[in-house]
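So the structure is just underneath, and the comments pick up after that.
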Amino acid sequence: MSDVKDKAEVTETSEAEIAVHWAEEELVYPSAQFIAQANVTDPAVYDRFSLENFPNCFKEYADLLSWDEYWHTMLDTSDAPCFKWFVGGKINASYNCIDRHLAKNKNKTAIHFVSEVESEKVEHVTYQELYVRVNEFAAILRDECGLKAGDRVTLHMPMVAELPITMLACARLGIIHSQVFGGFSGQACADRIVDSGSEYLITMDAYYRSGQLIDHKEKADTALAQAAKEGQNVKKVLVWQRYPGKYSAATPMVEGRDFFVNDLLKKYYGVRVAPVSMPAEAVLFLMYTSGTTGKPKGAQHSTGGYLAYVTGTSKYIQDIHPEDVYWCMADIGWITGHSYIVYGPLALCASTVIYEGVPTYPDAGRPWRIAQDLDVNIFHTAPTAIRALRKIGPDEPAKYTYHFKHMTTVGEPIEPVVWKWYYEFVGKKEAIIVDTWWQTENGGFLCSTIPAIKPMKPGSAGPGVPGIHPIVYDNDGVVVPSGSGKAGNICIQNPWPGMFQSIWGDRDRFVKTYFERYCKDPKSTRWQDWPYLTGDAAVVGADGYVRILGRIDDVINVSGHRLGTKELESAALTVPEVAEAAVVPVKHEIKGVEPDMYIALKPGMVASPELAKKISMAIVTEIGAIARPKSVWIVPDMPKTRSGKIMRRVLGAISNGTDIGDVMTLANPEIVEAIQKMVQGK
Ligand code: WTA
């Protein structure tokens, strides 16, 4: 029996090591015009940031910031793998993103807020106005809520200018913000309130999505009720109004608990709040992300290290200059938005665009009209959005006269054919593309080309960015050489300033998830002994360019949004009839993958379309609409190994119509055919 089990496991894990065959794509070179204006053009940057010069190379990034007290120790490894950067330094993130720009640039637009409603005027928030609004809101946090440095506060906000204002007001006081993606459900918000121990929730009454003004306040009520059940009482809810002075939600305000920010602000007119000087290693924010177990984990990011890293990479990789108009179309509810809509661009005194709505609303020309009107010259988005825009409006970009110098893709592997459309049609062959690979945990980019130095290769992210040294291991810890055509588990050999400090409240899980696998000595305090496991499978070319193949664990990536299969499965299990649930990714033309759900019922329960719908709804309620399964297949039984493990690999092959391989080692091979018949109709 153990024989059979071993065999089954070998089949499951070997996917990380598959030999990869793909056509070498032709290199595409940056234009002379781009190079002439770029921030970094000297290839010596790679020497400055070599492993030999690690960790002192990162002084270059730290020196882009204004420190209240300069640090004395670059990297403290004494509590490895919880590394501390710029120890002894004191700094305030809000000061670095706002105050220090006022002397020269107070009139400059910091944020262009673009409403989804096309007839509404764009709101241009200058650095001076940002300063005033952040100060006044910080006064509310301090005086109405009694919040102080180190306290956590949960934000559940849509894409509006008030979101960075709220974040920067928190940062001004050293309050740790935890923004929950606006599209997530009240329940998901509750889980994050409870885990972070937040006593205050900041939200907005309503926002536009695909032409509808959605009642968002409703989710706050669910979140609070649920959090209370789990033992976390929220004292106050601060509600921003989408239209100041007017309430746009139908859900009633709760007397004594819910307060309109715009009412409170009247008391704080003209108040200024001194930025609190925070230790470099103080926590700036938490960003929850999916893991392999049901419970989302709070990636804990530092103040000094994180800000230095996102500022440095915004300058070197995003090529942001203060005079640029920069538009990252991600949501601030994800790490991309924190690093590359808010903190990086504002620390560099750029103008950053925040668009409220759906890229294809009211039509696929919308992003290009925004780009034309604001004269955006740096554009940043995910393959999902590119695929959608390509599908419905392939000829739209040509109708508008915008010019991008630089474009980014992030979040998922981009297929070369989609890359080429992005390059030719969106970038009009003028813009360079950087394919940036990284994760919530990383704070900023891991792999990408430096745009003026390295050519682009469609479908490959590029080498490690300055100071990041990737390495690929097989399952036994043997290095997979670059250029071998073999994939493996990609790790980073060294720590870096933007790397998260820990999982909030769960150091053990942090060590286990990211370091245990390849740690050379668990007692070591040398960084060399702690390679960081990214959880992605990758293949590295002879030229050092990295191609990411996807996750090696149970996390799936829908439209660039990471979902833990376990989270979806545990949501399905809230339906009383359900005994077992298994989620697998199924290929989707636009979203990359979608979750497909397999369900086995408790004995005596009967399958029906109503029940399938109920399960689907449970996922929407527990997690949010983005997690809605493509299909819910209620099967007579799950294919299992003899040790009782559900064979997701087999289910995945059935959903995708690919080869299911050898199933004879299963405990119940006959079930495979039955499921195949149900799903594929054959
Ligand atoms: C995937 C998003 C291929 C990868 C910043 C990673 C990518 C996960 C790329 C992290 C890319 C991100 N090419 N795959 N350029 N960028 N990924 O935490 O699987 O939301 O582990 O961070 O997305 O997703 P997360």
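What follows draws every value from the coordinates through simple rules; no lab data is involved. Quick caveat, the model's predicted, so the values are computed rather than measured. Cβ: placed from backbone, ideal geometry, glycine included. Neighbour counts: every protein chain shown.
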State, to one decimal in nm², a quarter of the convex hull surface area for the C-alpha atoms of the chain, i.e. the direction-averaged projected area.
29.7 nm²
Determine the dipole magnitude for the chain: charges of +1 sit on the beta-carbon of Lys and Arg, -1 on that of Asp and Glu, nothing else is charged, the reference point is the Cα centre, and the result goes in debye to the nearest 20.
820 debye
Averaging the inverse of every distinct alpha carbon separation and then flipping it gives the Kirkwood radius. What is it for segment 546-682, in angstrom units?
15.3 Å
Over the chain, what is the relative contact order in whole percent, taking alpha-carbon pairs under 8 Å and six or more residues apart?
14 percent
With x for Gly and Pro, the residue-by-residue ³J(HN,Hα) of segment 76-91, computed from phi through the Karplus equation 6.51 cos²θ - 1.76 cosθ + 1.60 at θ = phi - 60° and given in whole Hz, is 10, 9, 4, 10, 3, x, 8, 8, 10, 10, 6, 5, x, x, 10, 7
Could you give log10 I(q)/I(0) at q = 0.14, 0.16, 0.25 Å⁻¹ for segment 430-533, computed by the Debye formula over C-alpha point scatterers of equal weight, without solvent?
-0.61, -0.78, -1.46
For segment 316-407, what number results from the quotient of the Cα radius of gyration and 2.2 N^0.38 Å?
1.04
In Hz, Karplus ³J(HN,Hα) per residue of segment 585-599 (6.51, -1.76, 1.60; θ = phi - 60°; x = Gly, Pro)
x, 10, 4, 9, 4, 9, 7, x, 9, 10, x, 10, 10, 10, 10
Counting only residues 5 or more apart in sequence or on a different chain, those whose built amide H sits under 5 Å from that of TYR355 are VAL114
Stretchable slack from ARG526 to ASP47, in nm (0.36 nm times residue separation minus alpha-carbon distance)
170.2 nm
Using θ = phi - 60° and Karplus 6.51 cos²θ - 1.76 cosθ + 1.60, couplings along segment 477-492 (whole Hz; Gly, Pro as x)
x, 8, 5, 8, x, 4, x, 7, x, 10, 9, x, 8, 7, 10, 10
With N denoting the number of residues in segment 499-548, provide Rg(C-alpha) divided by 2.2 N^0.38 Å, to two decimal places.
1.36
Hey, how much of the P(r) for segment 626-675 falls beyond 17 Å, as a percent of Cα pairs?
33 percent
Among the listed pairs LYS457/LYS520; LYS217/LYS566; LYS315/LYS428; LYS630/LYS677; LYS106/LYS315, those beyond 25 Å (Cα-Cα):
LYS457/LYS520; LYS217/LYS566
What is the percent of Cα-Cα separations in segment 59-126 that go past 20 Å?
53 percent
Positive dipole terminus of the chain, leading residue within GLY245, THR641, GLY488 (C-beta point charges)
GLY245
Report, to one decimal in Å, the Kirkwood hydrodynamic radius for segment 513-572 based on all distinct Cα pairs.
14.0 Å
Whole-number D in µm² s⁻¹ for segment 479-610, Kirkwood Cα-pair radius fed into Stokes-Einstein, 20 °C, 1.002 mPa s
120 µm²/s
Sort 302-314, 101-113 for me by packing, meaning the mean count of neighbouring Cβ atoms within 10 Å per residue, highest on top.
302-314, 101-113
When the helix-only estimate is applied to the chain (DSSP H runs of n ≥ 4, each -39,500 (n - 2.57), divided by the residue count), what is the mean residue ellipticity at 222 nm, nearest 500 deg cm²/dmol?
-7500 deg cm²/dmol
Interchain or long-range residues, amide H under 5 Å from SER302's placed H:
LEU284, GLN501
Which lysines, if any, have their Cα less than 18 Å from the Cα of LYS84, not counting same-chain residues under 8 positions apart?
LYS59, LYS523
Give the value in nm², to one decimal: projected area of the alpha carbon convex hull of segment 177-253, averaged over all directions.
5.0 nm²
Find which of PRO394, ILE623, TYR208 sits farthest along the positive direction of the dipole of the chain, computed with +1 on the beta-carbon of Lys and Arg, -1 on that of Asp and Glu, about the Cα centre.
TYR208
